[in-house]
Amino acid sequence: MLIDGTLIPTRRRTGKANRPNYSGKHHRHGLHFLALTDDNGRLLWISAARPGRTHDATAARHDHILDHLKAAGLGALADLGFLGVDKPADPDDLVIITGYKATRYRKLTTGQKTANKVIAAGRAPVEHGFAHLKNWRVLTKLRTNPARATNLLRAVLVLTNLEADR
């Protein structure tokens, strides 16, 4: 399984009520979604819409992704946005596998850099799954609240999977 989060750009509604949907990272308004895909990039699940300012790790904690993966006996590859979500007592019991993050004072070793490259190559299908989802032109005109956007995006998910099956 692969997990990642993305920002679906929306048109800004006027007023201060929509300011929470502004993503400082992307410098635009939008709604944040998490998605689980299989190894081929087929989207399996999409989370509920959250404001665009939501971080991947926060959304994963609110959706209890870790609990669902443990209950199903599955594991997931994720990017560095999910660092800290999975902190088991035993390092061999990871459910969400992320790469290594370098800091100013702690550079990555050659082995850690190689591990990051392997994880990045394994995560490529989740980006392809998001690309298929974002190709739907109806999402460019999205201007609604998160509850309605969730229903619309889950309907588009079903249509995307039907299109992939043809």
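Scanning the stretch 142-161 for residues that are touching a Lys or Arg at 6+ places or on another chain (Cβ under 7 Å) and assigned to a helix (DSSP H, G or I), which turns out modelled with the lowest pLDDT?
Pro146
Kindly indicate the residue of the stretch 56-83 that is in contact with a helix residue (DSSP H, G or I) (Cβ under 8 Å, 6 or more places away or on another chain), of a type in the set (A, V, I, L, M, F, W, C) and not in a helix (DSSP H, G or I) and also surrounded by the fewest Cβ atoms within 10 Å (Cβ to Cβ) among those meeting that condition.
Leu83
Could you tell me which numbered condition Gly111 fails, if it satisfies all but one of (1) out of contact with any Leu (no Cβ under 9 Å at 6 or more places or on another chain); (2) part of a helix (DSSP H, G or I); (3) surrounded by 12 or more Cβ atoms within 10 Å (Cβ to Cβ); (4) at pLDDT 90 or above?
(3)
Is the stretch 91-111 home to any residue that is aliphatic (A, V, I, L, M) and in contact (Cβ under 8 Å) with a residue 60 or more places away in the chain?
Within the stretch 91-111, one or more residues are aliphatic (A, V, I, L, M) and in contact (Cβ under 8 Å) with a residue 60 or more places away in the chain.
Could you please let me know if Arg19 is in a loop (DSSP other than H, G, I, E, B), under 17 Å from Asn145 (Cβ atoms) and at pLDDT below 75?
Answer is no for this residue.
Is it the case that Gly129 is assigned to a helix (DSSP H, G or I), under 17 Å from Asp56 (Cβ atoms) and either touching a Lys or Arg at 6+ places or on another chain (Cβ under 8 Å) or modelled with pLDDT under 85 (or both)?
Judged against the criteria, Gly129 is a match.
When only residues in the stretch 114-166 that are surrounded by 12 or more Cβ atoms within 10 Å (Cβ to Cβ) and among the basic types (Lys, Arg) count, which is farthest from the chain's Cα centre (by Cα)?
Result: Arg143.
Could you list, in sequence order, all residues of the stretch 27-75 that are over 22 Å from Ala121 (Cβ atoms) and of a type in the set (Lys, Arg)?
Arg28, Arg50, Arg53, Arg61, Lys70
Of a type in the set (D, E, K, R) and within 15 Å of Gly5 (Cβ to Cβ): does that describe Arg53?
yes
The values are calculated or read from the model by the stated rules, or taken from the named source; none is laboratory data. The model shown is predicted, which means the values in this text are computed figures rather than measured ones. We place every Cβ from the backbone using ideal geometry, glycine too, and count neighbours over all the protein chains shown.
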